[in-house]
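The values are calculated or read from the model by the stated rules, or taken from the named source; none is laboratory data. Owing to the predicted nature of the structure, the values given are computational and were not obtained by experimental measurement. Methodologically, a virtual Cβ is constructed for each residue, glycine included, from the backbone with ideal geometry; neighbour enumeration extends over all protein chains shown.
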Amino acid sequence: MDIGFIFSGFLVGLLVGLTGVGGGSLMTPILVLFFHIKPALAVGTDLLYASITKSVGIFTHGKLGNIDWKIVKRLMIGSIPASIFTTYYLKQIDVTSSGAVDIIKFYLGIALLLTSIAVIFRPFLIEKSKITLLKTNTAMEVSTILLGLILGVLVTLTSVGAGALGITALLLIYPKIGITKIVGTDIAHAVPLTLIAGLGHASLGTVDYSLLGVLLIGSIPGIYIGSHLSAKVSEQSVRYVLALILIYVGQKLIFH
């Protein structure tokens, strides 16, 4: 079974390296649907998995100056309290009960469908990013805090949203900032959010540390190879394949 987990980690890492998307969006559904890991355990393990894998990105993007720390701070004002409150909510219910399992699966499916839309339309948004929807700095700040709040709830409940959804929303809020800086900023926010959410799940007992280690064995070389292949493989083709996978898995979780 370990070989299956290692291969899954490698496959997800490869997609993350190729597209920048796929961590929470694919790892949690794979664990739930194919390995029949309990949803809460899959989410908790995946959150710590994401915080470790994405922490490498902070150093890389930080050195290149691709992080806007003011935006990261605004996102965290919304996301960290939202994550803590969501963890508190999860503590009040039995996360292993059939009702809780159904809730997590449903919202995970919704998050995946939203992510697929974000993946498909991201190039269009980048192309149209000169259009400024929010006219004032105050509107941008409030929108960023609200985005953080939404991501805090969604990521803590499903482990999905910090990547594709975060980047897509930031493109709309800050159209004048380049995509590279948006990606770097999103990663810089994702690390503390997934860490806090992951630690919250650890306090619930919904983290499998041995599973986490096995997944990392596969994902680290996967991300490395994917990053180097990204310049040689058609990004558009990979993006559409990823979107189709997310749509298929999302509806399977919703209508299970």
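It is to be established whether one or more residues within segment 85-96 are among the β-branched types (V, I, T), at pLDDT below 90 and not in a loop (DSSP other than H, G, I, E, B). For segment 85-96, residues among the β-branched types (V, I, T), at pLDDT below 90 and not in a loop (DSSP other than H, G, I, E, B): absent.
Contact map, segment 132-161: residues that are acidic (D, E) paired with residues that are assigned to a helix (DSSP H, G or I) and modelled with pLDDT of 95 or more, Cβ distance under 6 Å, separation 6+ or inter-chain. Pairs shown: E141/R74. Entry remark, segment 40-80: residues being closer than 28 Å to Y209 by Cα and basic (K, R) number 1 in total. It is to be established whether one or more residues within segment 43-57 are in contact with an Asp or Glu (Cβ under 7 Å, 6 or more places away or on another chain), part of a helix (DSSP H, G or I) and of a type in the set (A, V, I, L, M, F, W, C). No; the residues of segment 43-57 include none that is in contact with an Asp or Glu (Cβ under 7 Å, 6 or more places away or on another chain), part of a helix (DSSP H, G or I) and of a type in the set (A, V, I, L, M, F, W, C). For S25, state whether it is assigned to a helix (DSSP H, G or I) and either surrounded by fewer than 23 Cβ atoms within 10 Å (Cβ to Cβ) or on the phi > 0 side of the Ramachandran plot (or both). Considered against the rule, which asks whether it is assigned to a helix (DSSP H, G or I) and either surrounded by fewer than 23 Cβ atoms within 10 Å (Cβ to Cβ) or on the phi > 0 side of the Ramachandran plot (or both), S25 comes out as no.
In summary, helices (runs of 4 or more DSSP H) completely within segment 138-256 and bearing 3 or more residues that are surrounded by fewer than 18 Cβ atoms within 10 Å (Cβ to Cβ) and of a type in the set (G, A, S) occur at 209-229. Considering only residues in segment 1-22 that are modelled with pLDDT under 90 and farther than 21 Å from L112 by Cα, the one that is surrounded by the most Cβ atoms within 10 Å (Cβ to Cβ) turns out to be D2.
Evaluate the following for I117: is it modelled with pLDDT under 90 and farther than 30 Å from A40 by Cβ? Give the derivation first.
Numbers: modelled with pLDDT under 90: yes; farther than 30 Å from A40 by Cβ: no.
When the stated conditions are applied, I117 does not pass them.
The number of residues in segment 162-207 that are without any contact (Cβ under 8 Å) to a residue 60 or more places away in the chain and closer than 18 Å to G62 by Cα comes to 4. Against the test of being within 19 Å of L154 (Cα to Cα), of a type in the set (D, E) and in contact with a helix residue (DSSP H, G or I) (Cβ under 7 Å, 6 or more places away or on another chain), the options D68, D94 yield a single qualifying residue, D94.
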